[in-house]
Amino acid sequence: MQTRFHPLPPILKVENLSISYATRHGEVEAVRQVSFEVNRGMTLGLVGESGCGKTTVAFGILDFLGPNGRIVEGSIKFQGRELIGRSEKELRLLRGDQITMVYQDPMQALNPSLTIGEQLAEVLVVHRGLSHAEAWRRSTEMLERVYMPDAPNVMKRYPHQLSGGQQQRVVIAMALLNNPALLIMDEPTTALDVTVEAAVLDLIEDLKRDFDTGIIYITHNLGVVARVCDQVAVMYAGELVERAPVKALFAHPLHPYTQGLMRCVPKLGITKEASRLYPIRGRVPAPQDRPRGACIFAPRCDYATERCRNERPMLQEITPGHSARCFYAGQIDPSAWQPSEEIEVPAPGQRVAPEHEVVLHIENLKTYYEQPSRSVLSLFGLGKKQYVKAVDGVDLRVPRGITVGVVGESGCGKSTLAKTIIGLESPTAGVLQFLGFDISMPVTRRDVQLIQELQMVFQNPDSTMNPAYTVGQQIARPLQRFKTVPPQQVYDEVIRLLHAVRLDASYYDRFPSQLSGGEKQRVGIARAFASRPELVLCDEPVSALDVSVQAAVLNLLLDIQRQYGTTMLFIAHDLSVVRFFSDLVAVMYLGHIVEFGPAEAIYAPPYHPYTEALLSAVPIPDPCATQKRIRLEGNVPSALNPPSGCVFHTRCPRRSMLPDQGKVCAVQAPPQQWNTEQHYILCHIPLEALRKMEPVITSC
Amino acid sequence: MFVGDYMTRHPLTVTPDTSIVEVQGMMAENNIRHVPVVEKGKRLVGLVTRQNLRLSPIELSSLNVWEITRLLSGLKVKDVMVRGKDVITARPDTPIEEAARILVTHRIGCLPVLEEGILVGIITESDLLTQLTNLLGLQVPGWRATIRVPDRAGEFAKITAAVASKGWGIDAAGSLPTPRKPGYWDVVIKISAATRDELVAVLQQIEGQELIDIRATGP
């Protein structure tokens, strides 16, 4: 027990920090009067939408603001010493020795031309002056400490030979080698799969305890905050609007912005009602457009009064340790909140009626990629051909007007399935029928009408829009191509579509670079729906977006779907989003659908062991909910050489439920066990045993 | 019970070139008395304590107030610190009683904790005294009983057996030779599961031992 009679000084104390950037529009204040403290062995979550100044605060602490950024006022005390005004040399010493940062993309933090071992050892050789052999030994120990399997061998590998989760572990190990007092993590798990994310978050918890490091954890994901943070600071438009211990924040959010954020996040609730999303209307104002001398959130706030528009509220402590920057903090009851007229929230989709006509019929679909063999024989065409079995025997029937969600880790074949349906990849075998027509040919050979009926919304709206065309031209293009409307009506139709995605006519002449991420995705949706398709494939349409934007886009998709009766195939790795959005859910693993059924059935026992593991990995935005802790070992095996029998048997945590430690799993393909008429599980474990399992998530 | 478990990790540090005025400010603001001096790579090069910062009365009497100010403002940590090998240090695997002995014999207040020359923490008198309070169970509410036992094998086992027979647990325990009474030891145990009367009844029954004090302690 580590009890102290006198409190230790905080590792980091930020007071009234304001940071501004010099731009063409003059000095722009990016961060305004932010104050917080970080103690030893404590994680402070810095939360907010993008553009709220979270990363700017981190860069301010590290003095990475670039030539045009500067700290206008305030104080940053690290270990009792003021950082502002120190020489470059002193700061560099501090940064290397006592403050480290972990970035979002691990691949960019690692040098691709050096082995992991060289990069890790270098830290100790340079900063600590250790001998190379000693540095190597310690680096290997640290890799083991971050639960890297086979650490001595990983030391000899290059970054590209590791998976994303392993790369992030290497980066975290590297950050900890110096035993820093302060660790700043900027969205360290955002780029990772949910199962990998869960393992990394567990690791961060352990390390915080063992190393007594103070952590600043920057994220937009409230689920992650609930899991790893002790204290939370909510930022909005460069200001700190609420600061509280994590439990208090989730139990009693005081600021209307925090309350709004909570309403945006899909929860893994048991009922659909609980998973309704209410986006915050409007969006984060650009720094130069922020209200001055007023509450910064007033333009988007449902409770704003005359006072909010004329006077700037100060951060006031409402209960001990819980402060909010709102005049009415503590007086607002979030449960009494009603959506204003401006936000329309469509009810989540209707239930599945079996009599619906089947729009998409997939039977035993296989998409293999041929892998060039390295053997000499193959030069003469004699080598044994190898295949990556990306999709391996998928059966799927999608009824009209229904949304089917597809979930799974990356590398499970979700995107290949979508690409095969849309015609970007040719199926190797199997039946692929759309509206009764065979569509196993590539998209270039498909009939125009077929293409018209089958559209797609892509993950990254940035890379799927031609930057040289205006928004209007982009949306008009499918209208002209498919002759959806007569040529003279194209303009009106584009405007109508823009309105449908809640953008006004002024967007017609804008270029993609003038749009925010959420707006771009709206244009992408308008474009996909322009030809009035029967089936729309959505490949991770919201994973690149902020929570409040995500809620708006999801609601928009639901709304449009209801209006047009469109069928959707919705691919996502976020199980709470899929839960909210889909009527039927297919869980994919290594090219197989291992569980399929109505959304409610997927999220309650009986589970496929893989579904169970996925659910237990989802970060839940509720610090008091309990969640079973099931962590999958290792990565998705290579699809080049998938495991025999049940493809999941190498990682299955439930295999021991079967006699002989599940010998049968390695030998025999699992049977399709039907739980109900619409719900099946691909597993050897009897349904009765699966039914007896506890639900993964119990809320308090 | 090793230094590594109870030391303060990430102690506040200064460099040899830090001014004395700044160190004084740091000490006052954070209420600390010792600051390790490190170079690049957290290699320990010295230690500053409040004593080092004090000017001797003889020196003071010969200066006027302006000279004192000038003297102070020009001074750097490296001018006053205890240097390199004169600093007495510990390792993370030093037992805490050993650390206490070093502090007492050298009449000092803290030990920087080093791992191959690199500063990993600091352990002070306060840290060790805090652990003394934990050792005797001050951090849990309950009954603190002092029992005087003869100095022979098996006496402590009698106590644990008596307590265990009731299904209670011992939250903390410690023993010292009885002062000014050779041949006896005083054992202190902390128990939270029992009421005072239950505990007294059980402890008084033990043959050859004497319950000399029982009181409630807690945080």
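With respect to B:Ala162, determine if the residue is farther than 18 Å from B:Arg43 by Cα and either hydrophobic (A, V, I, L, M, F, W, C) or within 14 Å of another protein chain (Cβ to nearest Cβ) (or both).
yes
From the list A:Leu575, A:Leu590, A:Leu535, A:Leu558, which residue is in contact (Cβ under 8 Å) with a residue 60 or more places away in the chain, of a type outside the set (Lys, Arg) and crowded, with 24+ Cβ neighbours inside 10 Å?
On the way: A:Leu575 fails: crowded, with 24+ Cβ neighbours inside 10 Å; A:Leu535 fails: crowded, with 24+ Cβ neighbours inside 10 Å; A:Leu558 fails: crowded, with 24+ Cβ neighbours inside 10 Å.
The unique qualifying residue is A:Leu590.
Starting from residues that are in contact (Cβ under 8 Å) with a residue 24 or more places away in the chain and of a type outside the set (Gly, Ala, Ser), keep the ones in the stretch A:133-147 and report whichever is surrounded by the most Cβ atoms within 10 Å (Cβ to Cβ). Explain how you work it out, then say what you get.
Going through the stretch A:133-147, the residues in contact (Cβ under 8 Å) with a residue 24 or more places away in the chain turn out to be A:138-139, A:142-143, A:145-147.
Still in the list and also of a type outside the set (Gly, Ala, Ser): A:138, A:142-143, A:145-147.
Details: A:Arg138: 18, A:Met142: 22, A:Leu143: 25, A:Arg145: 19, A:Val146: 23, A:Tyr147: 15.
Among residues in the stretch A:133-147 that are in contact (Cβ under 8 Å) with a residue 24 or more places away in the chain and of a type outside the set (Gly, Ala, Ser), the one surrounded by the most Cβ atoms within 10 Å (Cβ to Cβ) is A:Leu143.
Is it true that some residue in the stretch A:498-513 is outside any helix (DSSP H, G or I), closer than 30 Å to A:Gln259 by Cα and free of Cβ contacts under 8 Å to residues at least 12 places away in the same chain? Lay out the reasoning, then the answer.
Going through the stretch A:498-513, the residues outside any helix (DSSP H, G or I) turn out to be A:501-504, A:510-511.
Filter again for closer than 30 Å to A:Gln259 by Cα, leaving A:501-504.
With the extra rule that they be free of Cβ contacts under 8 Å to residues at least 12 places away in the same chain, the set shrinks to A:504.
Within the stretch A:498-513, one or more residues are outside any helix (DSSP H, G or I), closer than 30 Å to A:Gln259 by Cα and free of Cβ contacts under 8 Å to residues at least 12 places away in the same chain.
When you scan the stretch B:31-144 for helices (runs of 4 or more DSSP H) that lie fully inside it, which ones turn up with 2 or more residues that are more than 19 Å from the chain's Cα centre (by Cα) and either within 14 Å of chain A (Cβ to nearest Cβ) or without any contact (Cβ under 8 Å) to a residue 24 or more places away in the chain (or both)?
Values: elements: B:50-53, B:57-61, B:65-74, B:77-80, B:96-106, B:125-135.
Passing ranges, in order: B:57-61, B:65-74.
Considering each residue of the stretch A:289-324, count those that are touching a Gly at 6+ places or on another chain (Cβ under 8 Å) and closer than 21 Å to A:Val549 by Cα, and give that number.
4
Give the residues of the stretch A:199-236 that are of a type in the set (Gly, Ala, Ser) and touching a helix residue (DSSP H, G or I) at 6+ places or on another chain (Cβ under 8 Å), sorted by residue number. Show your work before the answer.
Quick first cut of the stretch A:199-236, residues of a type in the set (Gly, Ala, Ser) only: A:199, A:214, A:223, A:226, A:233.
A:Ala199, A:Gly223, A:Ala226 - these are the residues of the stretch A:199-236 that are of a type in the set (Gly, Ala, Ser) and touching a helix residue (DSSP H, G or I) at 6+ places or on another chain (Cβ under 8 Å).
Given B:Leu114, B:Leu136, B:Leu129, which one is more than 19 Å from B:Ala216 (Cα to Cα) and surrounded by fewer than 19 Cβ atoms within 10 Å (Cβ to Cβ)? Explain how you work it out, then say what you get.
Values: B:Leu114 fails: surrounded by fewer than 19 Cβ atoms within 10 Å (Cβ to Cβ); B:Leu136 fails: more than 19 Å from B:Ala216 (Cα to Cα).
Criteria check complete, one pass: B:Leu129.
Name the residues in the stretch A:123-145 that are away from every other protein chain (no Cβ under 14 Å) and more than 20 Å from A:Ile204 (Cβ to Cβ), would you? Show your work before the answer.
Start the filter on the stretch A:123-145 by keeping residues that are away from every other protein chain (no Cβ under 14 Å), which leaves A:132, A:136, A:139-140, A:143-145.
Within the stretch A:123-145, A:His132, A:Trp136, A:Thr140 meet the criteria.
Residues in the stretch A:603-612: is at least one surrounded by 15 or more Cβ atoms within 10 Å (Cβ to Cβ) and among the charged types (D, E, K, R)?
Yes, that holds for at least one residue.
Of the conditions (1) touching a residue at least 60 places away in the same chain (Cβ under 8 Å); (2) over 30 Å from A:Tyr328 (Cβ atoms); (3) of a type in the set (Val, Ile, Thr); (4) more than 14 Å from chain B (Cβ to nearest Cβ), A:Ile215 fails just one. Which one is it?
It fails just one condition, (4).
Search the stretch A:11-30 for residues that are among the aromatic types (Phe, Trp, Tyr) and pair each with any residue that is assigned to a strand (DSSP E or B) when their beta-carbon atoms are under 9 Å apart and the residues are at least 6 apart or on different chains.
Pairs found: A:Tyr21/A:Glu27; A:Tyr21/A:Val28; A:Tyr21/A:Glu29; A:Tyr21/A:Ala30; A:Tyr21/A:Gly69; A:Tyr21/A:Arg70.
Working carefully through the options A:Val34, A:Val38, find the one that is surrounded by 19 or more Cβ atoms within 10 Å (Cβ to Cβ), within 28 Å of the chain's Cα centre (by Cα), in contact (Cβ under 8 Å) with a residue 60 or more places away in the chain and within 14 Å of another protein chain (Cβ to nearest Cβ).
Working: A:Val34 fails: within 14 Å of another protein chain (Cβ to nearest Cβ).
Answer to the selection: A:Val38.
Take residues that are of a type in the set (S, T, N, Q) and farther than 29 Å from A:Gln550 by Cβ and tell me which of the strands (runs of 3 or more DSSP E) falling wholly in the stretch A:1-113 contain 3 or more.
Numbers: elements: A:12-23, A:26-38, A:43-47, A:69-78, A:99-102.
Answer list for the stretch A:1-113: A:12-23.
Looking at A:Leu120, is it assigned to a helix (DSSP H, G or I), within 14 Å of chain B (Cβ to nearest Cβ), touching a Ser or Thr at 6+ places or on another chain (Cβ under 9 Å) and buried (at least 16 other Cβ atoms within 10 Å of the Cβ)?
no
Would the stretch B:137-146 turn up any residue that is of a type in the set (Ser, Thr, Tyr) and outside the structural domain of B:Ala162 (by TED's automatic domain parsing)? Step through it out loud before you land on a result.
Step one: filter the stretch B:137-146 for residues of a type in the set (Ser, Thr, Tyr), giving B:146.
With the extra rule that they be outside the structural domain of B:Ala162 (by TED's automatic domain parsing), the set shrinks to none.
No; the residues of the stretch B:137-146 include none that is of a type in the set (Ser, Thr, Tyr) and outside the structural domain of B:Ala162 (by TED's automatic domain parsing).
Only residues that are within 22 Å of A:Leu83 (Cβ to Cβ) and either of a type outside the set (A, V, I, L, M, F, W, C) or in contact with a Gly (Cβ under 8 Å, 6 or more places away or on another chain) (or both): list them for the stretch A:99-125, please.
Those that are within 22 Å of A:Leu83 (Cβ to Cβ) and either of a type outside the set (A, V, I, L, M, F, W, C) or in contact with a Gly (Cβ under 8 Å, 6 or more places away or on another chain) (or both): A:Thr100, A:Tyr103.
Restricted to the stretch B:159-174, and to residues that are surrounded by fewer than 16 Cβ atoms within 10 Å (Cβ to Cβ) and of a type outside the set (A, V, I, L, M, F, W, C), which residue is nearest to B:Leu136 (Cα to Cα)?
B:Gly174
Quick test for you: out of A:Asp150, A:Asp105, A:Asp97, pick the one residue that is acidic (Asp, Glu), buried (at least 18 other Cβ atoms within 10 Å of the Cβ) and either more than 14 Å from chain B (Cβ to nearest Cβ) or more than 19 Å from A:Asp202 (Cα to Cα) (or both). Talk me through it step by step, then tell me what you get.
Values: A:Asp150 fails: buried (at least 18 other Cβ atoms within 10 Å of the Cβ); A:Asp105 fails: buried (at least 18 other Cβ atoms within 10 Å of the Cβ).
One residue alone meets the criteria, A:Asp97.
With in contact with a helix residue (DSSP H, G or I) (Cβ under 6 Å, 6 or more places away or on another chain) and modelled with pLDDT of 85 or more as the only criterion, which of A:Val72, A:Val102, A:Val57 stands out? Step through it out loud before you land on a result.
On the way: A:Val72 fails: in contact with a helix residue (DSSP H, G or I) (Cβ under 6 Å, 6 or more places away or on another chain); A:Val57 fails: in contact with a helix residue (DSSP H, G or I) (Cβ under 6 Å, 6 or more places away or on another chain).
Answer to the selection: A:Val102.
Condition check ((1) within 29 Å of A:Thr367 (Cα to Cα); (2) in a strand (DSSP E or B)) across all residues:
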site: A:Ile593; (1), (2): yes, yes
site: A:Phe596; (1), (2): yes, yes
site: A:Ala601; (1), (2): yes, no
site: A:Ala604; (1), (2): no, no
site: A:Pro619; (1), (2): no, no
site: A:Asn641; (1), (2): yes, no
site: A:Cys646; (1), (2): yes, no
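I'd like to verify a number: residues in the stretch A:149-168 that are in contact (Cβ under 8 Å) with a residue 60 or more places away in the chain and not in a helix (DSSP H, G or I), how many?
2
The values are calculated or read from the model by the stated rules, or taken from the named source; none is laboratory data. No experiment lies behind these values; they were computed from the predicted model shown. Here Cβ is always computed from backbone atoms with ideal geometry, including for glycine, and neighbour counts include all displayed protein chains.
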